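Everything below concerns the one structure shown next.
Throughout, read-outs are computed from the coordinates displayed, never taken from laboratory work. Source: prediction; values computed, not measured. Positions of Cβ are generated from backbone atoms using ideal geometry, with glycine treated the same way; all protein chains shown enter the neighbour counts.
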Amino acid sequence: MTEETTNEKRGVSLPVQIAIWTFLAALLALVAFGLRRAQNPMAEIGKPVPQFDLEYYPGYEYNGTAKMSLADLQGKIVVINIWASWCKPCEQEAPDLEEAWQFYKDGGDVVFIGVDYVDTPAGASEYLTKFNISFPNAPDLKSNISSILNRQMGVPETYFIDRAGVLRHVKIGPFSSVNEIKSIIQGIE
Amino acid sequence: MFAEFGYGILVVSFIVAIYSVFAAVYGATSKSAAMVESARRSMLLMFPLISLSAAALIYLLVNNHFEVAFVYEVTSRSMPTYLKVTAWWGGQAGSLVFWSWLLAAFASAVTIRKWERDIEFLPWVIVICSTTLIFFLGMVVVFENPFTRFWLVNGNVEPHMFAPANATLFTAGDGNGLNPLLRHPGMVIHPPMLYLGFVSYVIPYAFAMAALITGRTDDRWIRLTRRWSLWAWLFLSFGLVLGGRWAYDVLGWGGYWGWDPVEIAAFMPWLTGTAFLHSVMIQEKRGLLKHWNMILVILTYALVIFGTFLTRSGVLSSVHAFANSPIGPFFMGFVTLSLVVSIALVIWRWPMLRGETEMKSMLSREALFLLNNLLFMSVLVICFWGVIFPLVSELFTGQKVTVGPPFYERATAPIFAALMFLMGVAPLSAWGHSTIQTLGRAMWKSALAAAIITAVLFATYTQNYIALIGFFLIALVLLVTFQEFWRAARARQRAQSENFLTSLTRLMGRNRRRYGGYIIHISMMLMAIGILGIEIFQKETQGSLKQGDQLDIGGYTVEYRELASWDDSGKGVNFTRATIDVYKNGIYLGELNPRIDYYFDSQQNMTIPGNRSTFRDDLYVLLVDWQPVSSMGATFKIFVNPLVNWLWIGSLLFLVGIIFAAWPDRDPAEEPVRVARKANQTSAAD
């Protein structure tokens, strides 16, 4: 037992105890919330991607509108690239994505959409300027897209959706070349 | 056959673990030595049992039993045998078995030791270890069974443990293969090291809980576990360093640490573990901070479990995350249980954990150690906040805000600087009492020399003030530490009339923990040199080169010579390798071969840098892209990473330091009891 006998044996006061337990309960509730989100079914290859809407960053538009809805893009191949300005591997693939977009954009058959995952507007704008990205880009507000696609891994990730709105391919990690992007798109046609 | 055997054994171990908890609790409460002994024996049975199950799993992995879902997911025919064995921890289900196996090994090692003097701890240590084991085995038995097999049921392939009605076993021709990123020597040992670190922190926690439950809250539990915690710290540190080296070699972004949530999840118990290593000395020497040490041990264990939970359940997005898994709620339940029980116990025993004396001086060594602990806790709070902030923000505002590397770097850099300063000051302060004058007398020479070094660096190397502050602190700590070695060895040399080297080695041998600690401080400073170098002075460029074209960066000239591409069907890999010549000031230095490996089985690329490493800087070249005909050109990304080699040199020295400090010299139970009760103890009397 302890050596102390003279000191008064003060325990933890009730307010402190209440604070500790409240903090613990709040923390656990928060994690439970994250867990529930993580339990949503993941977008599966071969299955239709659920509908979602996006509002592009200022200065971006596609077909004359600054908003997009996945449903409106039916009939086109949709390439959704998830990135972030703090993501090093994203920088590696950014020029390739832009080059691939330049190749496809006039055909009107393939749409590239950049989705910026947990980022600051300033960081995003700097990144988009640095790599001269011209395909439409939007922030992943409320991580909505991430939860629809139920992403588990880090950035970058790229999702290829076919003309019927079915998820056909997921690339995790950066592309190593323009040709890699093109060959995936060719595989979907 | 092997699958049923392996699973059966897992179920048996699960039941034995449950039994050992009940036997231990019953034995402790009814004072039945026989029951406690029975619990101890069942605890000892766990390791051989889980080993058998693991052997069955390894047999299936090595022999291409692709009817087993786990084997199908993580191996392929083209993988060499050693990778098939290490694929054991390459997926969720297998790594949970691996975790359980390590925990059983450690728990057995603990139960074998002599318990005569601490017999009241034994049942409760068994309860904590077994409960943790029940939980991990439960996940494997119920949710993530590595022995699940594929069955053909009405034309569909379904995974089941046992044959459903009208089903036949389905065997795939070849497996998916291990993620190529994981087929790296660093990756082979990085996860086991981290797991070892994680698992070994269960033991100090078990003793802490036993101390709280039995009410024997003196230093005994600390004396019994401090070497455990040193080894645990060794494994955890080594795991973190290996992960950094692996990232540098394989991930191809020229970095070693990305502040990824899972990296942070492994870093957080390291922070509390490091704080504990320091504060435990205060309890041993001065009888202070008993509450705090208890909280640190609990926190470390909680962070280990919490970190594993975050990684495994998919709550956080991360490159390290395992695929979506049903274990989340179950894991959550265990996290809740262990936190609630630990906190309740601490609150219950709070009055028994009071310190024996009080702090007398704000500059005494114990006060500086306390400050060190507070700084570590601040880094922990920043990390923790960064990890859960996306959840908080999403819950309350619906917006996610970046918590990327810039946040962590900006928030933690000043704290790390303060920690470095403390590393320079604390070794000079005395237990009990120090003043500005005594510290100043001990420090001024080193501080002056460090200032001169900084001035020279200002004149010759850099004008970046952050770097200069960093270099000043590094120089200060190194000089103070060397001075400490010098001063103590000289004093001993005079007293014992030995030669200097004999004095130094004997001195270090007598005070392993102290001088091991100093070696670790020196290694930290070497690592800091590397980190400053790459964080502040890293240069990068990217360019497409035709054959014979040159590119200049950071004093180097690189020239693209040729490109070759070939298939190695035995390994199932296509290699594309560029050859570039490196010159510096017109002098030819050699060639580099950055390459891209394409793995057919998993259809994934791996970018392997060509790296030329010197003490001054690394030239780190990545092959980004190439034209079909090699003469047409290829694109390279080139980094010059100044001083980064010191990070790895420091890491090696760091291991030397920990092993030196943790090396068993005598039974810790036989060590002399606290020596420094007097107030004006000098630091040399450590």
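Only lysines eight or more places from B:Lys584 in sequence, or on another chain, were considered; those with a Cα closer than 21 Å are B:Lys539, B:Lys546, B:Lys637.
Taking 0.36 nm per residue of separation and subtracting the Cα-Cα distance, what length does fully extending B:Gln550 through B:Ala109 add? Each step should come with its number before you reach the end.
Numbers: separation 441, 0.36 × 441 = 158.76 nm, distance 5.97 nm.
So the chain would gain 152.8 nm between B:Gln550 and B:Ala109.
If you take all other residues with their beta carbon under 14 Å from the beta carbon of B:Pro80, and give Lys and Arg +1 and Asp and Glu -1, the sum is +2.
Working from Cα pairs under 8 Å separated by at least six residues, relative contact order for chain B is 11 percent. On the basis of the beta-carbon distance and an R0 of 51 Å, A:Arg10 and B:Thr502 show a calculated FRET efficiency of 0.45.
Given R₀ = 41 Å, what would the calculated FRET efficiency be for B:Glu4 paired with B:Ile189, taking r from the Cβ atoms and rounding to 0.05? Please report the intermediate quantities before stating the final value.
Numbers: r = 31 Å, r/R0 = 0.76.
After rounding, the FRET efficiency stands at 0.85.
Build a GNM of chain A with springs between Cα atoms under 10 Å apart, and of A:Gln74, A:Gln51, A:Gln17 the one that fluctuates most is A:Gln17. Dimensions of the stretch B:186-353 along the principal axes, based on C-alpha atoms and rounded to the nearest Å, stand at 52, 35, 21, largest first. Here the relative contact order of the stretch A:53-188, from alpha carbon pairs under 8 Å that lie six or more residues apart, stands at 33 percent. The spread of Cα positions in the protein assembly as shown, taken along each principal axis and listed from longest to shortest, comes to 86, 78, 53 Å. Of the residues A:Asp106, B:Asp219, the one with the fewest other Cβ atoms within 10 Å heads the list, and the complete ranking is A:Asp106, B:Asp219.
Distance between the C-alpha centres of the stretch B:198-245 and the stretch B:26-88: 23 Å, rounded to the whole angstrom.
Selection among A:Val115, B:Tyr248, B:Phe384 by position relative to the dipole of the protein assembly as shown gives B:Phe384 as farthest towards the positive end (Cβ unit charges, Cα centre). Per-residue Cβ neighbour counts within 10 Å put A:Leu30, A:Leu128 in the sequence A:Leu30, A:Leu128, beginning with the fewest.
Would you mind getting me the FRET efficiency between B:Lys31 and B:Glu116? Use the beta-carbon distance for r and R0 = 22 Å, nearest 0.05. If you can, show how the numbers build up before the last one.
Values: r = 17 Å, r/R0 = 0.75.
The formula returns an efficiency of 0.85 here.
Each principal axis of chain B carries a Cα extent, and these read 77, 77, 59 Å when sorted largest first.
The label point for B:Asn585 and the one for B:Val142, both projected 7 Å from the Cα toward the Cβ, are 6.8 nm apart. Centre-to-centre, using Cα atoms only, the stretch A:119-189 and the stretch A:61-101 are separated by 5 Å.
Taking neighbour counts of Cβ atoms within 10 Å as a proxy for exposure, in what order, fewest first, do B:Ser38, A:Ser177, A:Ser13 appear? Walk me through the numbers on the way to the answer.
Working: B:Ser38 17, A:Ser177 21, A:Ser13 10.
Ascending number of Cβ neighbours within 10 Å: A:Ser13, B:Ser38, A:Ser177.
Filter the DSSP H helices in chain A by two things, a Kyte-Doolittle mean of at least -0.5 and an axial alpha-carbon span of 18 angstrom or more, and list the hits by number. Counting only whole DSSP H runs, the qualifying helices are A:14-38.
Summing charges over neighbours of B:Thr148, with a neighbour being any other residue whose Cβ is under 13 Å away from its Cβ, gives -4 when K and R count +1 and D and E count -1.
Note on B:Thr81 and B:Val341: their simple-model spin labels are 4.2 nm apart, each label 7 Å out from Cα toward Cβ. The chymotrypsin sites (Phe, Trp or Tyr not before Pro) found in the stretch B:414-463 that occupy coil by DSSP, while having at most 15 further C-beta atoms within 10 Å, are B:Tyr461. Ordering B:Gly509, B:Trp124, B:Val297 by the projection of their Cα atoms onto the charge dipole of chain B, which places +1 on the Cβ of Lys and Arg and -1 on the Cβ of Asp and Glu, puts B:Gly509 at the extreme positive end.
If you find the alpha carbon centre of the stretch B:567-610 and of the stretch B:260-306, how far apart are they in angstrom? Cα centroid to Cα centroid, the span is 43 Å. Under 14 Å from a point 7 Å along the Cα-to-Cβ line of A:Ala164: which residues of the stretch A:66-82 have their amide N that close? The answer is A:75-76, whose backbone nitrogens lie closer than 14 Å to the label point. Across the stretch B:186-353, Cα pairs under 8 Å and at least six residues apart give a relative contact order of 25 percent. Measuring between alpha carbons in the structure, the pairs from A:Lys47/B:Lys84; A:Lys105/A:Lys171; A:Lys67/A:Lys130; B:Lys31/B:Lys114; A:Lys47/A:Lys171; B:Lys290/B:Lys445 lying more than 26 angstrom apart are A:Lys47/B:Lys84; B:Lys290/B:Lys445.
Rounded to the nearest 20, the Cβ-based charge dipole of chain A about its Cα centre (Lys and Arg +1, Asp and Glu -1) stands at 560 debye.
Would you mind giving the average projected area, over all directions, of the Cα convex hull of the stretch B:1-178 in nm² with one decimal?
On the way: hull surface 43.5 nm².
Averaged projected hull area, Cα only: 10.9 nm².
Where a ≥ b ≥ c are the square roots of the eigenvalues of the C-alpha gyration tensor, would you call chain A rounded, which needs a/c under 1.5, or, failing that, prolate if a/b is larger than b/c, or oblate? Verdict is prolate for chain A.
With the charge dipole of the protein assembly as shown set up from +1 on Lys and Arg Cβ and -1 on Asp and Glu Cβ about the Cα centre, the Cα lying farthest toward the positive end among the listed residues B:Leu45, B:Leu152, B:Tyr518 is that of B:Tyr518. Computed extension gain for B:Phe600 through B:Glu540, at 0.36 nm per residue and net of the alpha carbon distance, reaches 18.5 nm.
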